[in-house]
Amino acid sequence: MAWVLKKTIVMVGMMGAGKTAVGRALAAELGVPFLDSDHEIEAAANMTIAEIFERDGEPFFRARETEVIQRLLEGDPCVLSTGGGAYLADRNRSLISEKGLAVWLNADLELLWNRVKHRDSRPLLKTPDPKGTLTALYDARVPTYAKADLSVPAEQDLSIQDMALRVIEAVATRSDVLEAV
């Protein structure tokens, strides 16, 4: 089946939910570009997210993140993956609501922990108790993620491709965003 994407699909959710991996597969299925706001920030700054956090702090990073998300939403419809904290900002939620569709990849805490526990690329988890930190972030963020336009449950046994198809199924209920042709 062929699709016409009318608005950018913005992947939101916790670190480890699969926003980038599923977003790439989703973009391939829909035949549209895939963009990652964290990658765009890193390219613009010529630094990693971790380096930006360390040098300039989280408030500076969040300001750049909003600028990048706004710029990307003004382009042609695509699939956009955002960092785990991006959707928490009122300004970002407003921008996404105006110009795109927020899709929450809703993964439970154990699934997220299994995916992130062996990675050292998560600046917010560089703490003495990373699982406790992840749990606190999860508890604080889930009520905001629940404001997304659509929620798509993630499961351990689903492949990336199957998750992308699950997202398409959910987004296809929105004719203002996705149309089969």
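Here, each number is a calculation from the coordinates, and none is a lab measurement. Fair warning: this is a prediction, and the values are worked out from it, not measured in the lab. Neighbour counts run over all protein chains shown; Cβ positions are idealised from the backbone, glycine included.
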Considering the chain as a Gaussian network with a 10 Å cut-off on Cα pairs, which listed residue, N114, N106, N92, attains the greatest mean-square fluctuation?
-> N114
Relative contact order (%) - criterion: Cα under 8 Å, at least six apart; region: the chain | 37
Ratio of Rg to Rh for the stretch 3-180, alpha carbon only, Kirkwood?
-> 0.94
For the modelled label position 7 Å from the Cα of V181 along Cα-to-Cβ, which residues of the stretch 1-17 have backbone nitrogen atoms closer than 12 Å?
-> 2-6
Cβ density ranking, 10 Å radius, fewest first, applied to V12, V4, V152, V177 yields V4, V177, V152, V12
With a 10 Å Cβ neighbour count serving as the proxy for reagent exposure, in which order, fewest first, do D38, D76 appear?
-> D76, D38
Of T173, G18, P59, which is farthest along the charge dipole of the stretch 3-180 in the positive direction, counting Lys and Arg as +1 and Asp and Glu as -1 at C-beta?
-> P59
Sequence-distant lysines (8 or more away, or on other chains) whose Cα lies within less than 16 Å of K117 = K126, K131
Order of L134, L95, L80 - criterion: other Cβ atoms within 10 Å of each residue's Cβ, fewest first | L95, L134, L80
Two-site label geometry, A136 and E42: point separation in nm, points 7 Å out along Cα→Cβ | 2.6
For the chain, what is the calculated [θ] at 222 nm in deg cm²/dmol (nearest 500), taking -39500 (n - 2.57) for each run of four or more DSSP H residues and dividing by its residue count?
-> -15500 deg cm²/dmol
Any idea how far the Cα center of the stretch 88-144 sits from the one of the stretch 14-59, in Å?
-> 13
Among all the lysines, which ones have a C-alpha under 21 Å from K99's C-alpha, if same-chain residues fewer than 8 places away are not counted?
-> K6, K7, K19, K147
Beta bridges per DSSP with both ends in the chain, % antiparallel, nearest 5 | 15
With each pseudo-label sitting 7 Å past Cα toward Cβ, what's the E51-T66 distance in nm, one decimal?
-> 2.5
Given the options M11, M47, M163, state which has the largest fluctuation in a GNM of the chain using a 10 Å cut-off (strictly under) for Cα springs.
-> M47
